[in-house]
Each structure stands twice: as C-alpha cells, then as structure tokens.
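Visitor: The structure follows.
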Amino acid sequence: MLEYKRDGWKAAICLAPSLLLMCIFTFWPIINSFIMAFLNNYYFALNRSDIYNSLMDVDKSFAYFMGGRFTGIGIQNFITLFRDKDFLIALKNTAFIVFVSVPVTVIIALLIAVALNSIKGLRGFFQTVFFLPYVTNTIALGLVFNSLFHVDYGLINKLFNMVGTSWINSGATWGRAMFVLFLYSVWDGLAFKIIVFLSGLQNIDKQYYQAAQIDATPRWRVFTRITVPLLSPMILYITITSFMGAFKVYSSVIGIFGTGRYGPVGNYKLLITIVGYVYDQFDVSGMPFGVGSAGSMVLFGIILLITLIQMQASKRWVHY
Amino acid sequence: MERALYLDPNELRRFKIKTGIARFFTYAFIILMAAFIVVPFLWMIFSSLKTTNEIISREVTFFPRKFEWANYSKLFTGIKAIDQYGNEYEAFKPMPFHWMFFNTIVVGFFTTIGTVVTTILAAFAFSRLNFKGRELIFTIMLATMMIPGEVFVITNYMTLSRYTGWIKSANHLENYAALIFPFITSVFYTFFLRQTFKQIPNELYLAAKVDGTSDFKYLVKVMIPLSQATITTIIILSMIGTWNAYIWPSFVTNSIYTNHLLVSNGLMVGLRGASETTGPNSILNLQLAASTMVTVPLLIIFFSFKKYILRGVSRSGIKG
C-alpha cells in the first residue's frame, strides 16, 4: 500500500453532512429512548408540559427532560409494560409471525428458487412473476388481502361457498385473522428471498451437480447434500434479515385492518404487534413515551438476542 | 451416443418417465405458486372495474362482466348517498390523488437528492480517504442498521416538535420539511456505494494525483461516472421508499389537511373502515380502484428498471 498524506480535514468535510444528520436523527434517538425507558411517569406533552402538570396535579418531586416531566428514575415502565395485557398479546402475535411465517416463507422461497433454477422454458416469465411483490405498497396490498377475505364479497368465501365466514370482519377468531396475516406475510416476503436464493444458486459450481449425476444421486439427496449446504450462507443471511423484519411487523397488520386498528371491528387489539403497541403509546392522551420506549428497548433486546443465537448456531452448519 | 450403447432400453425408458414426472411436478409447483402471487394483483385490477351490483352479488366472478371505468372518476368526486332520514351524506369522501402523487414526488425528489449527495460524500471518505478512526466510525454506522425503526420515530417526533413547528403543521412547506429532513442520509446506501467505489482501481486515483487533480474533481469526473449504475439503483430505491413510506408520514402529517398527504397515508385515510360498509353502499370496488392507482405506477417503475432494482436487492432489502 502506497503511503500518502492523511486526509483528515477532507474526510471531515465529506463526512460532516452525513454524520451531523445521523447524530440528530439516529444516534440521539438511541440514547434518548434508552434514557426515557428508565424515567418514571415521563410525560412529553408537546411543549405544553407546564399546563399539563398544573392540570394533572403531579407530584412536586419532578424533574424535566427534553421538555417533558418525570417523577423519578427506575424500571416502572418495564413493570407497566409486562403487566399490560395488550403487550403480552403483542408478544404472542409477533412471536407467531417470527417463528411460523418466517421459516415457512424461507422454505417455500428456497423450493421455488430451486425449481426455477431447474427449468428452462418460461423461466424469465416466472422469474418476473415471482419478483412482482417486491416493490408493492404494503398498505395497498393489505387492502387487497382484506377484500380477498371479505366476509360477504371476498373471492375466497364466494369461491369455497363459505359466505358468512368472517376472516377479518367482525366476529373473526384469532386463528382466522392470523391466517390472513400469515398468508399476506408469506406473499409479501417471497420475492426478496427468491431473488437472493436465485443469485446464490447461480454461483454454485456446476461440477458438483455433474459429479452427483455420474453417481446417479437421487434428487432430494442432491438438494439436501449439495444445494442446501452450498446455499447456507445465503440461508443464514435471509433468516437473520427476515427475523429482524418480522419482529417489526406493523404496516401489514394496519394495511389489512385499517388505521389504528390491529383487529376486526369489536376486537381492535386482536393482532396487535410489539411495534403496533409502541406506536399506540402516541395516541394515548398525555403520551406516556416512557412505556413506548421501554417497549422498543425490549424489542431491541429480543432482536439482539435472537441474532446472536442465530450467529452462534450458524457456526455449526454454515459452510463458507 | 456412446453412453446409450451400454444402457438397457428398459432402464432408459424408466429414466425418461422419471424425469418427465419430475418436470411435471416442478412446473405444477411453479404454476401454483405463481398463481398465488398473481391472483391478488388480478383480483385488485379486475374488481376495481366491477359495478357495485357485481361486487355484492353471490355469484363468483373474477373477470368483470361490464367494465365500470366510472369507479376511477368516483375516486376523485366521491359518492353521495341519502340516509334513512332523507339527509344527504358522503358515503365515500373524494380522495386527493393529484395532491398525493404530487407530494410524494416532491418529497421523494428532495429526499433522493439529499441522500445521493450525503451518501456519495460519505462513501468517498470511507473508500478513498485516509484518516484516523475510519473503520471505527464505519462500524458504528453499520451497527445502527440493527436497531428497530420505532426507536428513531419516537425521538425524531419529539425533536421536531420541540425545536421546530413542522409536526402536523398547517404550512405545506413545513410539512415537506418534516417528511424530508430525517431521511436525507442512509447507512445502507453509504455501504452500498462504498463497495462500488472500492472496486475502482487505486491506480486511477494515483494517476489523477500525479496529474495534480484535486480529490473533489476526481470524485466528480471519475468516481461518480464509473458508479452510475449503483447511483441509479439508489435513486430508484429511494423514490420507491418514499412512495411506500407510511409510518413516519402518518405521525407528522395532519390528515385534516388532505393536500398534505403522501400516497400510503392518503390511501389509509381515504378508506378508513371501508370494508365494513355492506349492501349497495359497499365501496369495495372503489377501495380496490384506489389500491390500483397506487400500485400501477410502482409496477411500471418495476418493469422499466428491473435490472437496477434487482442489483440493489442482492445486497439488501428496501422493505422493513
């Protein structure tokens, strides 16, 4: 490496816009959320906290932070969080999406990619079809899935002669509503995974397959012994990113049920997710951001833990 | 030919049948999954052209019997209905699509310009300049990609409402500012560009140095033209990102001002509770017409820039 003059000041100029924006909109939020999670009864009322305080007759022992007031420092937010039934429902729903729909999507995507890779005719056409959902608008397609499963006018109910069976309308059970959300997540998630798997498959050396052919290896064995091990880095990458994405599931639920709703009429919290719970804290009057921040810290902790576990587990079976 | 000599003709026939069956099942699987992907799109487009009578009829129709193009003009004009007391009310409020498209394009344009400028400068610093702490700063930036988005949303909402008057502002430009500023840099695009910049041979840089070219001129005259494909990908993905943005806009835009809405929010606000309306008042066809209006531009972009979009995918996703 040729040694040239250090470019400290040039780098400072080049990085300044990016770093400045990140300090305000990325680094500060991380610190702030962490602090807020540990402030008891933190109320941030849009520069009106003084009026709010006099109205609410709060304890005199408060202090200010970011224009909001709090009564003390502790883990009260986390206690509130885990005592809230809605949060526990949110944990359950998010866990279902993460641990059921992600593995199913990954397996289906892998099968589609392998199938696509093995055919010759119409391959380009099918590839385009499978890539289609990649750029779609979550809200728009949520409405479409809503209409597909509409209680009276939906395609599914008309087709299978089950008009009156409520999937996402009032009276829907958790299982049925979750099934629609599950289908939508699979539909929405396939494209990205297929694209990544296909590009991975195209990089596998053809010689492995030729060797297997000479030995007359059965297809499923070729799949489990050659394709899957050689694709394992891609599979790991996809599972980690999909898990992270699935923990943040929110827009698709909103898309299916409508603004501020996580379930059918009469049971708005049926499919609430962790992110939905956190955002809901905005709408509560007085805005207890502390509980919301505690919720997002819990989410961050879970994501970090799962990712670390995956990284550890991957050491056993990922072939680089 | 040589090989055929050693093969038992019976075995050869069995082998042919076997591969034939395998191919049949492969195609059957692909076609089935392709149908799963395509049906929601077709249902959306076809149902958006059905009359309300056809929507609410018990018969199963997929393809519209009569093309009701008026559905699309009703999106702009709204529907008036008369309730049981003889009073006129708005069964469907007109949706400000012209504003939704215009706002999204304006916000997308400025977000994209800002993102491209800041990420090019940062990627240049990380790939070409030599300064202390380069790897450390880069690692810290990458690490923030793991943190769930709602951590940022809560604090950014607080920061903007405390120090600016942009949140839910009645002023059009202030609303734009709130939508644009937090998003004019991106860690992922910086990373993506840095990888591209690193592939440009160092010899070019050294040759330019010998000729006395300044770093800035080298960036503009050599690196940017050589990375055109990557920059195009970033521009397209960033525009699509704004088109699909829902969460942040839903917090900072006041939906009372319908001319401030972006597409996803407009869709949500306009169709709130739509699926619960039944009988002749059902607006399922309008709901799907609105979804089509939002989806079709995306599909056009997808087909025109497929190559560029897929380039970005193999690195990471835009959804999340």
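Listed here are the residues, each with its yes/no results for (1) assigned to a loop (DSSP other than H, G, I, E, B); (2) away from every other protein chain (no Cβ under 12 Å); (3) of a type in the set (Gly, Ala, Ser).
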site: B:Val60; (1), (2), (3): yes, no, no
site: B:Asn71; (1), (2), (3): no, yes, no
site: B:Leu75; (1), (2), (3): no, yes, no
site: B:Ala81; (1), (2), (3): no, yes, yes
site: B:Pro94; (1), (2), (3): yes, yes, no
site: B:Leu160; (1), (2), (3): no, no, no
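Visitor: Another question, then. Please go through (1) part of a helix (DSSP H, G or I); (2) farther than 21 Å from A:Val98 by Cβ; (3) of a type outside the set (D, E, K, R) for A:Thr217 and return the number of the only condition it doesn't satisfy.
Guide: Evaluating A:Thr217 over (1) part of a helix (DSSP H, G or I); (2) farther than 21 Å from A:Val98 by Cβ; (3) of a type outside the set (D, E, K, R) leaves (1) as the failure.
Visitor: Could you check the stretch A:132-155 and list, in sequence order, the residues that are more than 7 Å from chain B (Cβ to nearest Cβ) and modelled with pLDDT of 90 or more?
Guide: Of everything in the stretch A:132-155, those that are more than 7 Å from chain B (Cβ to nearest Cβ) and modelled with pLDDT of 90 or more turn out to be A:Gly142, A:Phe149.
Visitor: To continue, here is another question. Could you run through the stretch A:129-149 and say how many residues are under 19 Å from the mean Cα position of the chain (by Cα) and without any contact (Cβ under 8 Å) to a residue 40 or more places away in the chain?
Guide: 2
Visitor: Being in contact (Cβ under 8 Å) with a residue 12 or more places away in the chain, surrounded by 15 or more Cβ atoms within 10 Å (Cβ to Cβ), at the interface with chain A (Cβ under 7 Å from one of its Cβ atoms) and out of contact with any Leu (no Cβ under 8 Å at 6 or more places or on another chain): is that true of B:Thr144 here?
Guide: On the way: in contact (Cβ under 8 Å) with a residue 12 or more places away in the chain: yes; surrounded by 15 or more Cβ atoms within 10 Å (Cβ to Cβ): yes; at the interface with chain A (Cβ under 7 Å from one of its Cβ atoms): yes; out of contact with any Leu (no Cβ under 8 Å at 6 or more places or on another chain): yes.
In short, yes.
Visitor: For the stretch B:235-249, which positions are out of contact with any Leu (no Cβ under 9 Å at 6 or more places or on another chain) and of a type in the set (Gly, Ala, Ser)?
Guide: B:Ser238, B:Gly241
Visitor: Mind telling me which of the residues A:Phe223, A:Phe257 ends up being hydrophobic (A, V, I, L, M, F, W, C), modelled with pLDDT under 90 and farther than 26 Å from A:Met311 by Cα?
Guide: A:Phe257
Visitor: Within the stretch B:2-11, is even one residue more than 32 Å from the chain's Cα centre (by Cα) and in a loop (DSSP other than H, G, I, E, B)?
Guide: Checked the stretch B:2-11: at least one residue is more than 32 Å from the chain's Cα centre (by Cα) and in a loop (DSSP other than H, G, I, E, B).
Visitor: Before we move on, is A:Ile256 more than 29 Å from A:Pro29 (Cα to Cα) and assigned by TED's automatic domain parsing to the domain that holds A:Thr173?
Guide: Against the criterion (more than 29 Å from A:Pro29 (Cα to Cα) and assigned by TED's automatic domain parsing to the domain that holds A:Thr173), A:Ile256 qualifies.
Visitor: Continuing with the same structure: Test each condition in (1) without any contact (Cβ under 8 Å) to a residue 24 or more places away in the chain; (2) closer than 30 Å to B:Phe41 by Cβ; (3) charged (D, E, K, R) for A:Asp215 and report the one that comes out false.
Guide: Result: A:Asp215 fails condition (2) only.
Visitor: Only residues that are surrounded by fewer than 21 Cβ atoms within 10 Å (Cβ to Cβ), of a type outside the set (D, E, K, R) and within 11 Å of another protein chain (Cβ to nearest Cβ): list them for the stretch A:246-280, please.
Guide: Scanning the stretch A:246-280 gives A:Thr259, A:Gly260, A:Val265, A:Gly266.
The values are calculated or read from the model by the stated rules, or taken from the named source; none is laboratory data. Note that the structure is a prediction, hence the values are computed from the model and not measured. Counting neighbours? That spans all protein chains shown, and the Cβs are built from the backbone with ideal geometry, glycine included.
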